[in-house]
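Structure record follows, encoded as structure tokens.
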Amino acid sequence: MLSRDEVEVVLFTLGVAALSTILIFPLGLGAALALSRYRGPGKGLIETLLSLPLILPPTAVGLLLLEAFSLRSPLGSWLAARGIEIVFTWKAVVLATGVMSFPLLVRSARTAFEEVDPQLVGLARTLGCGPAAAFFRVTLPLAGRGVLAGTVLAFARALGEFGATVMVAGNIPGRTRTLALAIFHDNQVGRDDRAAVLAGVTAALAFVALWTTEALTRRLRRRAEA
Amino acid sequence: MIEVRVEVPLGAADLRVEAGLPPAVTAVMGPSGAGKTSLLQAIAGLRRARGRITCGDAVFLDTERGVDVAPEQRRVGYVPQDAGLFPHLTALGNVRFGARGDQAQVETAIDTLDLRPLLDRRPATLSGGEKQRVALARALATSPRILLLDEPLAALDVELKERVLPYLMRIRDELRVPMLYVTHNVGEALALAGHVLLLRERRVEAQGRPLDLLSSPGLSVEAAAGIENLLPGRVVAHDAIGGVSRVELKGGIPLSVPLAAARPVGAPVMVAIRAEDVLVSSGPVKGLSARNVYEARVEALERTGADVTLRCALPAAPAPWLARVTPAAVEALALKAGQPVWLAVKSHSIRLL
């Protein structure tokens, strides 16, 4: 049903989505926690900037990334001098999907953290927890559902990411071609039937991810209410 | 000894407290917004403060020497008004939370607060009084240097209060953990505390022994109004059929009160009687429904507002009882100092604190 190349595309896409989600997870939780606690000036500005990738055209974000990491840029040449090439490699796919899904994780997690009663965190401190222990023993478990939902949303977004990826990683078969890119490519070359199959695979993957989350969330809620 | 000399930044006006508190129970009282909760938070290390806080040998805060111990190292047991249980843990999980594996301490806390039947329950399924007991056990299981209780009974109705209060007395008497106890309730303060710290508008208005403080003139303890007679005693027996409990006041004075089966026999109680609920008779009382009649002698008459307050000495009682009557009654009974009177109190006008 799926050709060998197509199976590779599916596995590559899953791998990239998983890796980018794993990489943005600690960063996203850190940002979400900082935003949920921060009360100083510029809060609105920082939040808006972090959410910008949600509303910008993905190709615009891709263009920015391309400019930032290309060999002509200071960052790109600095990395290249250390043997790290980003643009038009699989790393660029991870970068693009990570950047695009990051705000989804941060928004969900931030809301979840804001709903945790700060008094409970203070109580955990008086009960012998340092700030880190209080986070892992109280804040994170209580925000668990929101964090989980944000993580799955980020993963699903990464599965389907197209615009930023195509700008910064290109559409190189066997190197940077993800499911979304393969669907576009198949359609462009007149293989609409293959495009439809891959679209079906993408939908199935997203469905499984979301459905698993729903089930997990229901179990967490039941446990919290039991 | 707990020494507190702090300034706590708090909105418009700083909270300023200087107090030396005995290593027993101190009631922190005062109107809302006086800074009671902020004081507890500063002692717990949850609110920034300047100055010096010590608890026994432990220095929590000494700004001059650059000491500001983190909350997790102060070993204070903090219990907020709503108990603040962790909703994702069972009662047992909550009690164990801060105990660092000290199983003996956990067991003691569980037994002190009679939590055995509740251990598997989630906070959402516990009643208000049960939540408070779990929160107290959780705090106790950390072997705290001091307990900081922020109106732990305020959210409970009268009946639940009466069930939780004896546990607090047990913690005070058996475990001897010092406490700072925020309350609006004079009865609770008197029942538990040997010392009162009265805050008003973010300053210490007064501190001292509760009865001295509450009866001192000019002191505005709104809540104190109306409870003039506060008599320490002990539950002697319950008579379920008769609908009364018997209490013996200091000096061996017997008293019938409405059935309070939740108070174990032998438990210390504080009895509250409003001065206007004490009936005064110039002759022996017979055939009256009031259960409690005592022979006494008028020591003094004092004009209080539109009424007259009589200070009446009971032969066995350590302190005089106060009775409030109208000037017309004083005239009708020809009441004067030194005169023998009979005082009667209906069981139902007596409250146990």
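Details
- Separation in nanometres of the label points that stand 7 Å from Cα toward Cβ, at B:Glu7 and B:Lys336: 6.0 nm
- Rg and Dmax, both from the Cα atoms of chain A and both in Å, are 19.8, 66.
- Counting every pair of alpha carbons in the stretch B:2-224, the share spaced more than 21 Å apart comes to 54 percent.
- The Cα atoms of the stretch B:126-172 cover 30, 20, 16 Å along the three principal axes, with the biggest extent listed first.
- Dividing the radius of gyration of the alpha carbons in the stretch A:52-119 by their Kirkwood radius gives 1.16 for Rg/Rh.
- Peptide packing for A:64-70, B:265-271 was compared via the average number of neighbouring C-beta atoms within 10 Å per residue; ordered from the highest value, the list is A:64-70, B:265-271.
- Set of aspartates and glutamates with alpha-carbon distance to A:Lys91 below 16 Å, sequence-local pairs under 8 removed: A:Glu67, A:Glu161
- Evaluated over chain B, the count of Lys pairs having alpha-carbon atoms less than 29 Å apart is 11 (only pairs 8 or more residues apart or interchain).
- Averaged over A:116-124, number of beta-carbon atoms from partner chains that fall within 10 Å: 6
- Cα gyration tensor, the stretch B:270-353 - rounded (a/c under 1.5), prolate or oblate: rounded
- Protection proxy ranking of B:75-86, A:121-132, A:17-28 - average other beta-carbon atoms within 10 Å, highest first: B:75-86, A:121-132, A:17-28
- For q = 0.05 Å⁻¹, Debye-computed log10 I/I(0) when each Cα of the protein assembly as shown counts as one equal scatterer: -0.37
- Mean Cβ count within 10 Å, highest first, over the residues of peptides B:96-103, B:36-43: B:36-43, B:96-103
- If the chain linking B:Asp57 and B:Ala240 were pulled fully straight, counting 0.36 nm for each residue of separation and taking away their Cα-Cα distance, it would gain 61.0 nm.
- Residue mean of other protein chain beta carbons inside 10 Å, B:79-91: 4
- With a 10 Å cut-off around each Cβ of B:116-124, the average count of Cβ atoms from other chains is 1.
- Its Cα gyration tensor gives the stretch A:1-113 an equivalent ellipsoid. The semi-axes, each the square root of 5 times an eigenvalue, are 28, 20, 13 Å from largest down.
- Per-residue [θ]222 nm for the protein assembly as shown (sum of -39500 (n - 2.57) over DSSP H runs n ≥ 4, rounded to 500): -13500 deg cm²/dmol
- Using R0 = 45 Å, the C-beta based FRET efficiency linking B:Glu248 and A:Ala215 works out to 0.10.
- For B:Gly77, the residues whose modelled amide H falls within less than 5 Å of its own, excluding neighbours fewer than 5 places apart on the same chain, are B:Arg145, B:Ile146, B:Leu147, B:Leu148.
- Cα extents for the stretch A:90-212 along the principal axes, largest to smallest and rounded to whole angstrom: 66, 28, 19.
- For the stretch B:14-71, the equivalent ellipsoid built from the Cα gyration tensor has semi-axes of 19, 15, 10 Å, listed from largest to smallest.
Read the figures in this text as sums done on the coordinates, not as results from a lab. Only a predicted model underlies this, so the values are computations on that prediction, with no experimental measurement involved. Note: ideal-geometry Cβ built from the backbone for every residue, glycine included; neighbour counts use all protein chains shown.
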